[in-house]
Amino acid sequence: MKSYTSLVLLLLCIGFNVFAQTSTLNLSAPQQLMGTKTPATVGMSTERLNRIDKVLQDLIARDQLPGMVAMVVRNGQIVYHKAFGTADVQTGRPFKTDDIFRIASMSKAITATAAMMLYEEGKFSLDDPISKWIPEFKSPQVISTYNAKDTTFTSVPAKGEITVRHLMTHTSGLSYGVISGDERFRAINAKAGIVDLYTTKAVTVADNIKKLAKQPLIHNPGEKFTYALGLDVLGYLIEIWSGQSFDQYLRSHLLDPMGMTDTYFYLPDAKKDRLVPVQRPGTDGKKWERFPVTFYDPNYPISGAKTWYSGGAGLSSTAKDYASFLQMLLNGGVFNNKRFLSPYTVQLLTQSNQAGELYGGEKGDAHYSLAFSVLTKYGQDKGNGSIGRFSWGGYFNTNYWADPKEKLIMVLMKQTQGAADGGSEGLFTRMIYGALDK
């Protein structure tokens, strides 16, 4: 009798725990992105959404872009998902809605989200110095003088240590190299052999970040907003905190559980034909041509050593996969019947002003959270969307935003360098808000 009673109590405890865990999920939130034939059911006008076709086609006709994939989601319903133009002028292949794009800096939000999942496990505090795990960053130095003739420099001790928060808000004092507007750091990083963005060479996250740690900072941590390699450092920290490679951690803890089955650092052979070539305005009378190999090989997602997992710029994805990621954030951290982050952490990640006056200023159009540019009242009043709309973009001309107030998502995937673009993101945004009925 005693053993029977114990068994019953055990089962009741298990049942209670399952109920308790399930009840913490927002099961009313969209668990998968679903298509709908009637945008009116989510408060949008079919007629006005259809106006977008001509607007995007006009950009192609005016040679502003070779083409694009465009998506609009409201309340978890895909109300617009279309492809336009030519994905590859060399072969004449048209764009398709399931095409895969190099999303570059759109990777940053995914990296920040992965880090905050480990934050919820107690692995770190936002104000922990990163030298706690990467000792090479102990006692950082700030550049003082620079000799352009031989790229030598002098430095002085920084006023403080780089923290995790500094990395996530681009206030660490780190810099990019090749794409930096500061010629000193283009030369310094190049001389040190630091990879900025993409490579087909056999480079690892650990090797690259430890090289970066030996270089001077552009300014004291917390002093300015400087777009930088901080999210690549964060990717290395994720490896240390999780005990897995950054690629493995993303795959097992976020991408696969989210159902983001077309998002990778390096594409499997079965999917490589869906990768859209990077295009640029053509020469010799051509409208468009494939972008050549420069300081990087544009084929990095499908060729080379495939060992460099760039948290700041390395992922490739589809419009639908990325919209699913944004929907999880709009849901308060839930998707696919799984909680990835608490609502509090999502608020911290997507809404809080973490960079203060260093980004946007007191009356700026946006402030910076832990991963996004977040629209303020001043940005809303200029017609850019609702207060709290969070966004960013990518080096190869990819764009996104998510609006918590309107439960609205925009993803606009292009794949160009050096193109005029025609203001495609702003134009698409205005058309979307113009299609709202309620």
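The values are calculated or read from the model by the stated rules, or taken from the named source; none is laboratory data. All of these numbers come straight from a predicted model, not from anything done at the bench. Here the Cβ positions follow ideal geometry from the backbone for every residue, glycine too, while neighbour counts run over all protein chains shown. In case anyone asks, the SASA skips ligands and DNA or RNA and just uses the protein heavy atoms, side chains included. Shrake-Rupley method; radii C 1.70, N 1.55, O 1.52, S 1.80 Å.
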Completion exercise
Checking Trp401, Trp392 in turn, the sole residue that is open to solvent by 50 Å² or more (accessible area, probe 1.4 Å), touching a Phe, Trp or Tyr at 6+ places or on another chain (Cβ under 9 Å) and of a type in the set (A, V, I, L, M, F, W, C) turns out to be Trp392
Practice task
Would you confirm whether any residue within the range 347-358 is among the hydroxyl-bearing types (Ser, Thr, Tyr) and in contact with a strand residue (DSSP E or B) (Cβ under 9 Å, 6 or more places away or on another chain)?
Solution key: yes
Problem - The lone exception for Asp63 - which of (1) under 25 Å from the mean Cα position of the chain (by Cα); (2) surrounded by fewer than 23 Cβ atoms within 10 Å (Cβ to Cβ); (3) not hydrophobic (A, V, I, L, M, F, W, C) it fails - result: (1)
Practice task
Give the number of residues within the range 161-178 that are under 13 Å from Pro129 (Cα atoms) and in contact with a helix residue (DSSP H, G or I) (Cβ under 9 Å, 6 or more places away or on another chain).
Solution key: 8
Exercise for the section: Mind listing just one residue for me: the one in the range 32-57 that is hydroxyl-bearing (Ser, Thr, Tyr) and surrounded by 13 or more Cβ atoms within 10 Å (Cβ to Cβ) and, of those, nearest to Tyr433 (Cα to Cα)? Expected result: Ser45
Handout entry: Residues of the range 418-438 satisfying the condition of being more than 23 Å from Asp98 (Cβ to Cβ), assigned to a loop (DSSP other than H, G, I, E, B) and open to solvent by 10 Å² or more (accessible area, probe 1.4 Å)
Key = Gly418, Ala420, Asp437, Lys438
Exercise for the section: Scan the range 264-291 residue by residue and report those that are at pLDDT 95 or above and either touching a helix residue (DSSP H, G or I) at 6+ places or on another chain (Cβ under 9 Å) or in a loop (DSSP other than H, G, I, E, B) (or both). Expected result: Tyr264, Phe265, Tyr266, Leu267, Pro268, Val276, Pro277, Val278, Phe291
Exercise for the section: Any chance you could count how many residues in the range 274-303 are free of Cβ contacts under 8 Å to residues at least 60 places away in the same chain and exposed (fewer than 15 other Cβ atoms within 10 Å of the Cβ)? Expected result: 6
Problem - Unique match (being under 23 Å from Ser310 (Cα atoms) and either open to solvent by 20 Å² or more (accessible area, probe 1.4 Å) or part of a loop (DSSP other than H, G, I, E, B) (or both)) among Leu412, Leu370, Leu349, Leu329 - result: Leu370
Handout entry: Residue ID - nearest to the chain's Cα centre (by Cα), chosen from residues in the range 141-163 that are in a loop (DSSP other than H, G, I, E, B) and more than 19 Å from Lys191 (Cα to Cα)
Key = Ile162
